[in-house]
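Each reported figure results from applying straightforward, stated rules to the coordinates on display, with no laboratory input. Computed from a predicted structure; not experimentally measured. As a convention, Cβ positions derive from the backbone with ideal geometry for all residues, glycine included, and neighbour counts pool all protein chains shown.
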Amino acid sequence: MKPRYTTVLGGLLSIALLGVATSAVSAATPQRVKVTGEVIDSWCYLSEIMYAEGSAHYQCALWCAAGGVPVGILGEDGTVYIVLKLGDDTTNVANQAVIDMQTRKITVDGDLIERDGMNYLLISQVVDDQGIVNLTHEDYGIQPFGE
């Protein structure tokens, strides 16, 4: 059986570390941006596990977003932005509005937080939605099944 002071000390250490982590997170100052790009499945795109863009990847992107894989936006300049929030809705995991955006080319307005080489977006609004414009299924089949 552990002595009580070890448990209390461990609890205080956890609280102190949480305070340091929280202050580091709050130190990142959001910057207002407008981003245009294709909504992507971050797992398949970043891991390069399969061709993860356009209409070829649509079905897989739906499954991943519904399963909780973070949704991203591949900016026109090649920058990947991870979507943390869409509008007033704070539910990002399996959020139907986020799922419905898969593989679409959109322009969003929101706050960008850059931290440790990652780009996170808190989207205020979708300014433009051009639908699925990257028609890749003729070249790559429907992923993950291929031709």
Task: Signed unit charges on C-beta, dipole axis of segment 30-140, positive-most listed residue Ile49, Asn119, Thr136 - done: Asn119
Open item on the list: Sort 57-68, 33-44 by the packing proxy (mean of other Cβ within 10 Å over each peptide's residues), most packed first.
Closed with: 33-44, 57-68
TODO: Arrange Met101, Met50, Met118 by Cβ neighbour counts within 10 Å, fewest through most, would you?
DONE: Met118, Met50, Met101
Task: R0 of 30 Å, Cβ-Cβ distance Asp89-Tyr140: FRET efficiency to nearest 0.05 - done: 0.40
- [ ] Return the distance in nm (one decimal) between the two label points of a simple spin-label model at Gln31 and Leu62, each offset 7 Å from Cα along Cα→Cβ.
- [x] 3.7
